[in-house]
Amino acid sequence: ILNVEQSPQSLHVQEGDSTNFTCSFPSSNFYALHWYRWETAKSPEALFVMTLNGDEKKKGRISATLNTKEGYSYLYIKGSQPEDSATYLCAFKSGGSNYKLTFGKGTLLTVNP
Amino acid sequence: EADIYQTPRYLVIGTGKKITLECSQTMGHDKMYWYQQDPGMELHLIHYSYGVNSTEKGDLSSESTVSRIRTEHFPLTLESARPSHTSQYLCASQQGEKRETQYFGPGTRLLVL
């Protein structure tokens, strides 16, 4: 059974703060790491798909890094805004023939105005 | 924005009733998935399909069944609902290579009394 851990479980920040959280995954048989943002009552929205060790991806104020050798990815949000409030999920895909994702429990981010 | 739909969004039903959760996508994706999520827990894969007439059970055992008669449609059925089936059910679809993202529907929140 694959284990994907996210920390912290929840986070409260003030508007304008920068923040980051972690996703840990198995360092062997790595294929891809996905990040999603999930706002309440909406569909999870894909942020990044990361495949190469050392990958850095950026989308507006949100960026992510990947270390496949040690099995972790960081998600950074610069200058948090209330609309960034959501649960951030990471999902690991191993090598092999299947297409299945293994999800972490997510980090719930609340940005206070 | 992904075109994947789920109905109903919310369902409250009595024990013993048969229910079908609908999922449809208009993107022509060949791969489709059903996830179950309990509060504070990970999304767990319960069913998946890699194409028409192909269905497989996921990592989490489920009493539900699925069918894939048409590419765009992947309904999930519970023959006799029980309170233990109370959960959130999300449908997703994917096309192409393994590194491609999965697109999610908004989910169905099921409460069995």
Conditions (1) touching a strand residue (DSSP E or B) at 6+ places or on another chain (Cβ under 7 Å); (2) surrounded by 12 or more Cβ atoms within 10 Å (Cβ to Cβ); number of the one not met by residue A:95: (2)
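Does segment B:74-85 hold any residues that are crowded, with 16+ Cβ neighbours inside 10 Å and closer than 18 Å to residue B:41 by Cβ, and which are they?
If the condition is that a residue be crowded, with 16+ Cβ neighbours inside 10 Å and closer than 18 Å to residue B:41 by Cβ, then B:85 is the only one that fits.
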Residue within segment B:94-103 that is under 11 Å from the mean Cα position of the chain (by Cα) and crowded, with 18+ Cβ neighbours inside 10 Å present: no
Selection from segment B:11-40 of residues that are touching a residue at least 24 places away in the same chain (Cβ under 8 Å), within 10 Å of another protein chain (Cβ to nearest Cβ) and farther than 13 Å from residue B:68 by Cα: B:35, B:37
Close pairs from segment B:60-80: first polar (S, T, N, Q), partner part of a loop (DSSP other than H, G, I, E, B), Cβ under 6 Å, at least 6 apart: B:71/B:52; B:80/B:16
First in segment A:101-113 and facing another protein chain (nearest Cβ under 9 Å), second anywhere and of a type in the set (Val, Ile, Thr) and part of a loop (DSSP other than H, G, I, E, B), Cβ under 6 Å, 6 or more apart: A:102/A:4; A:104/A:4
Residues of segment A:42-70 satisfying the condition of being assigned to a strand (DSSP E or B), away from chain B (no Cβ under 13 Å) and either at positive phi or not charged (D, E, K, R) (or both): A:62, A:63, A:64, A:65, A:67
Breaking point among (1) assigned to a strand (DSSP E or B); (2) among the small types (Gly, Ala, Ser); (3) at pLDDT below 95, for residue B:62: (1)
Single residue of segment B:41-73 satisfying the filter (over 20 Å from residue B:100 (Cβ atoms), surrounded by 19 or more Cβ atoms within 10 Å (Cβ to Cβ) and hydroxyl-bearing (Ser, Thr, Tyr)) that is nearest to the other protein chains (Cβ to nearest Cβ): B:62
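Could you tell me how many of the residues in segment B:77-95 are more than 10 Å from every other protein chain (Cβ to nearest Cβ) and either of a type outside the set (A, V, I, L, M, F, W, C) or in a helix (DSSP H, G or I) (or both)?
Going residue by residue through segment B:77-95, those that are more than 10 Å from every other protein chain (Cβ to nearest Cβ) are B:77-89, B:93, B:95.
If we keep only those that are either of a type outside the set (A, V, I, L, M, F, W, C) or in a helix (DSSP H, G or I) (or both) as well, we get B:77, B:79-80, B:82-89, B:93, B:95.
Result for segment B:77-95: 13.
The values are calculated or read from the model by the stated rules, or taken from the named source; none is laboratory data. Remember, it's a predicted structure, so these values are computed and weren't measured experimentally. When we count neighbours, we look across all protein chains shown, and the Cβ atoms used for this are built from the backbone with ideal geometry, even at glycine.
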